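> Attaching a single structure in structure tokens format; questions to follow.
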Amino acid sequence: MTTTTLKDRVRAATVEAKAPKKPQPVRAAETVDGGTPEELHAAERQDGGETTDAVLAWLERYGAHFTKALPSHVDTGAFFSAVRAVLPGLASCTPASLLQALLTCARFGLIPNGRHAVIRREGKLAVFVPMYQGYVDLMYRSGRVGSVHVGLIHAGDEWNFEPTAPAPLDFTHKPALELSREERGKPILAYAFCWMTSGARSQVVILSREDAEDIRDEYSAAYKRAKESGKNDSFWHTDFDAMWSKSALRRLHKVVPMSAELVQLGRADDAGDAGQAQVLHAPDEDAQALADAEVAHAVAEGSQEPKRVATLPRKRVQPKRSGSRKARRTGKGDRR
């Protein structure tokens, strides 16, 4: 039986231990949407080398995939506009890895504009990297978070942290914006906290530079690969402060109720850092619709929740009877 699809060719190459043939780009979406982790890895690592125009034309063939994957609040035109801007640096990536990274980004409803998310090239692979602003967007989307605060404290700033004091007096930060960059000094701490829609404030998460370096050294496979190769081009190398802030924000999941979509974003982020298939952790259309419905339900229930008014216990009062007990028995009580 002759194999005709990319999925069949990848399976045949895996079983028979033969060198895989160069995939046809028009079949890549089939593998990305329905493939196993092994198939995704095999397809991603096929030879790339497409030009920017060819890659863009190939991606546009799958416009329906992105329209279906993108949440209703994200404009498809804006998404593709951001994709066009980053394609020159991704043209040498394998078609399957590029499509997987972009589909993952689309399913989370993030635009790869460098602020909310980035599509990064690592060798021949394209990797979806959510930035801390992307995490903030998903926190707002959950319907449980009213406001999110992420910041860096510089050496010259005025700040105070007393964990035993009641919120919001336990933490204050007054940036010394009137000072020059040199006078304000380098960042010494990163922090993150949020106010819930219920009016409660979360615990404040604070990370020192040493804390961030420990997280980087222990958990970031991308940092280790970049360091071992001598390229030093991971985000921990090129944008340490942003990764520091992002680490503080991700620590909030331990003290704030997180949506299922936000948990999935963290898993997709970790998978990309480890060089694994990310689209397996992205929400599908049904899961997105369910998440939207749950948020709408929570908002509706919150607005209709009856207010509880404290009431005093009712005291039973016996009716007052005129005259003495003896007079009532004899019928000689005072009658008016």
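> Could you list, ordered by first residue, the pairs with Cβ atoms under 6 Å in which the first is in segment 209-221 and without any contact (Cβ under 8 Å) to a residue 60 or more places away in the chain and assigned to a helix (DSSP H, G or I) and the second is open to solvent by less than 60 Å² (accessible area, probe 1.4 Å) and among the hydrophobic types (A, V, I, L, M, F, W, C), at least 6 apart or interchain?
Sorted first by the residue in segment 209-221, then by its partner, the pairs are Ala212/Trp244; Arg216/Trp236; Ala221/Ala274.
> Looking for whichever is under 13 Å from the mean Cα position of the chain (by Cα), in a helix (DSSP H, G or I) and modelled with pLDDT of 90 or more here; the options are Asp270, Asp241. Which one fits?
Just a single option satisfies the conditions, and that option is Asp270.
> OK, next. When the residues of segment 136-172 are narrowed to those that are touching a strand residue (DSSP E or B) at 6+ places or on another chain (Cβ under 6 Å) and over 29 Å from Val263 (Cα atoms), which ends up least open to solvent (accessible area, probe 1.4 Å)?
Within segment 136-172, the match that is least open to solvent (accessible area, probe 1.4 Å) is His154.
> Please enumerate the residues belonging to segment 171-193 that are without any contact (Cβ under 8 Å) to a residue 12 or more places away in the chain and of a type in the set (Gly, Ala, Ser).
Ser180
> Hey, another quick one. Of the residues in segment 255-281, how many are farther than 30 Å from Arg201 by Cβ and of a type in the set (Gly, Ala, Ser)?
Within segment 255-281, residues that are farther than 30 Å from Arg201 by Cβ and of a type in the set (Gly, Ala, Ser) number 5.
> Moving on. Quick one: how many residues across segment 54-106 are open to solvent by 10 Å² or more (accessible area, probe 1.4 Å), in contact with a strand residue (DSSP E or B) (Cβ under 8 Å, 6 or more places away or on another chain) and not in a helix (DSSP H, G or I)?
Number satisfying all stated conditions: 1.
> Which residues, taken from segment 137-182, are hydroxyl-bearing (Ser, Thr, Tyr) and either touching a Leu at 6+ places or on another chain (Cβ under 8 Å) or in a loop (DSSP other than H, G, I, E, B) (or both)?
Ser142, Thr164, Ser180
> Let me ask you something else. Being within 30 Å of Gly77 (Cβ to Cβ), of a type in the set (Phe, Trp, Tyr) and in contact with a helix residue (DSSP H, G or I) (Cβ under 7 Å, 6 or more places away or on another chain) narrows it down to one residue among Tyr132, Tyr140; which is it?
From the options Tyr132, Tyr140, the qualifying one is Tyr132.
The values are calculated or read from the model by the stated rules, or taken from the named source; none is laboratory data. Everything numeric in this text was worked out from a predicted model, so none of it was measured. Don't worry about glycine lacking a Cβ; one is built from the backbone with ideal geometry, like all the others, and counts go over all protein chains shown. Heavy atoms of the whole protein, side chains included, go into the accessibility calculation; ligands, DNA and RNA do not. Shrake-Rupley method; radii C 1.70, N 1.55, O 1.52, S 1.80 Å.
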